[in-house]
Amino acid sequence: MRNRFILSLFICFSCFLKAQSQNLDLRLLQSINGPASGADATWKHISGSVYVTAAATPASMLIVALSTHNKELTVEAFETGAAIVISAGLDNTIKNITKRDRPYLTYPTLITGKETDGGYSFPSIHTSVAFATATSLSLSFPKWYVIAPSFAYASTVGYSRLYLGVHYPSDVLGGALIGAGSTFLTWKLQKLLNKKYHYH
């Protein structure tokens, strides 16, 4: 009886925490989303630029690497491309597992959908790809003048997804963690393989 009571309390507390986190998620999104305005086109452009940027980054690195015969940069270019593809793949897998609807569809009277987007909401692939790209650049070129603008751009992409009403803050946070995390793991794995190749 006591164990059932404790279990019931735990379940009630978990449901309470989930409800509170959802409310916070929605309130934060509302404060950023707002009604349609003249700035919508700018944020749509920022949001839409992420895939072009993600494709151009490893391609540019590879062109420079081949033209300068830089083997290390060649590896980093492929590593960057792989990290971006892996993060996007993980996002799609998680989306199809969680099946979270877009906020503007779930709360049409509270959230303004300034852009229609197919698929599910969690996590944000745009944000994930942006942070994967930023993390790859920062690891390849660990200078403040590379790191700062890279992550500033990635954060701006994440913000644009909230402003447009197509993602919750937790979607953006999840995407950022997946993008940065998958890239860092790819980078570490490459370093371990490189070390093994050189020493054996």
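The values are calculated or read from the model by the stated rules, or taken from the named source; none is laboratory data. All of these numbers come straight from a predicted model, not from anything done at the bench. Neighbour counts run over all protein chains shown; Cβ positions are idealised from the backbone, glycine included.
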> Within segment 53-60, is there a residue that is closer than 16 Å to GLY175 by Cα and in a helix (DSSP H, G or I)?
Replying inline: yes
>> Any residue that is surrounded by 14 or more Cβ atoms within 10 Å (Cβ to Cβ), more than 29 Å from LEU62 (Cα to Cα), at pLDDT 95 or above and within 15 Å of the chain's Cα centre (by Cα) - is there at least one of those in segment 136-157?
In response: no
>> From the list GLY119, GLY158, GLY165, exactly one residue is under 19 Å from HIS45 (Cα atoms), not acidic (Asp, Glu) and not in a helix (DSSP H, G or I). Which is it?
In response: GLY165
> Among the residues of segment 165-180, is any at pLDDT 95 or above, hydrophobic (A, V, I, L, M, F, W, C), buried (at least 24 other Cβ atoms within 10 Å of the Cβ) and over 13 Å from the mean Cα position of the chain (by Cα)?
Replying inline: yes
